[in-house]
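Here's the structure, in structure tokens; my notes come after.
The values are calculated or read from the model by the stated rules, or taken from the named source; none is laboratory data. Bear in mind the structure is a predicted one, so any value in this text is a computation, not a measurement. Positions of Cβ are backbone-derived with ideal geometry, glycine not excepted, and every protein chain shown enters the neighbour counts.
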Amino acid sequence: MGKAYRSMRTAPRRYGWGMQSFFDGIDGWDRNDGSLHVYALPDEGVADRLESLSERLDGVPGLPRMPRSWLHFTISRLAQYDDLGQANLTRLADAIGARLSTVGPFDLRVGAPRATDKAVDCTAEPSPEWDALVAAVRGAAVEAFPEDELPAGPHAPHVALAYAVGEVPDADLEARLADAPEVGTVPIRGLHLVSVTMRPEVGTFDWTELANWEF
């Protein structure tokens, strides 16, 4: 049997409980570097809005902001790492490309930042187009590597502005986010296959791009 994977995302938090480290107890990562993911990335206008919202978190202990250049919407984490070899990487990319022939451009409607028990996220309204994109990517991964069990899919389309690296006091977090506006319309016009490095010591993820597709 394959490994059982637990989703890394958690439920919205009630203020007063405090936040705990996002990186404690993450399952399914055999190592911190080279994990294959498929992302949708914000365009410059969306990145501007996300960065402005993120600035509300400046100075909150234990809650480092994600750098603008690494903001992302996770479509799926895959079971493989970037040492799978060129032939396998090509097989995966070809399978994704073939499945995307049925996917077109669409927009997400993304809400205001909210704290969960381990991160500050901006989450989108339900989207059948997003669900179809996730299904296409995950279906391609299963087609390319039928023996490998996929990690859990994303709970919803979302972008994280910050991940907790330890206990985060509630003192003014609620006030900082109380009047935060919605992100608004986020165009989804393509996706990126990336090799991700998780950096728990600084509370961020970064990546190297391996392939990309436009719709």
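A few points about this structure:
- Cβ pairs under 6 Å, 6+ apart, first in region 111-138 and more than 22 Å from residue 150 (Cβ to Cβ), second of a type in the set (D, E, K, R) and crowded, with 17+ Cβ neighbours inside 10 Å: 115/13; 116/13; 117/13
- Scanning region 14-25 for residues that are surrounded by fewer than 20 Cβ atoms within 10 Å (Cβ to Cβ) and touching a residue at least 60 places away in the same chain (Cβ under 8 Å) yields 15, 16, 17, 18, 20, 21, 23.
- Restricting region 159-215 to residues that are part of a loop (DSSP other than H, G, I, E, B) and among the acidic types (Asp, Glu), the residue that is modelled with the lowest pLDDT: 170
- Selection count where residues are assigned to a loop (DSSP other than H, G, I, E, B) and at pLDDT 95 or above, scope region 24-55: 6
- The residue of region 168-195 that is farthest from residue 138 (Cα to Cα), among those that are without any contact (Cβ under 8 Å) to a residue 12 or more places away in the chain and among the small types (Gly, Ala, Ser), is 171.
- Exactly one residue out of 77, 68 is of a type outside the set (Phe, Trp, Tyr), surrounded by 21 or more Cβ atoms within 10 Å (Cβ to Cβ) and modelled with pLDDT of 95 or more: that is 77.
- Test for residue 131: is it of a type in the set (D, E, K, R), surrounded by fewer than 17 Cβ atoms within 10 Å (Cβ to Cβ) and within 15 Å of the chain's Cα centre (by Cα): yes
- Among the residues of region 142-175, those that are over 17 Å from the mean Cα position of the chain (by Cα) and crowded, with 19+ Cβ neighbours inside 10 Å comprise 144, 168, 173.
- Odd one out for residue 184, checked against (1) more than 24 Å from residue 127 (Cβ to Cβ); (2) surrounded by fewer than 21 Cβ atoms within 10 Å (Cβ to Cβ): (1)
- Restricted to region 56-135, the set of strands (runs of 3 or more DSSP E) holding at least 3 residues that are over 25 Å from residue 27 (Cα atoms) comprises 106-115.
- Single residue of 48, 33 found to be in contact with a strand residue (DSSP E or B) (Cβ under 6 Å, 6 or more places away or on another chain) and acidic (Asp, Glu): 33
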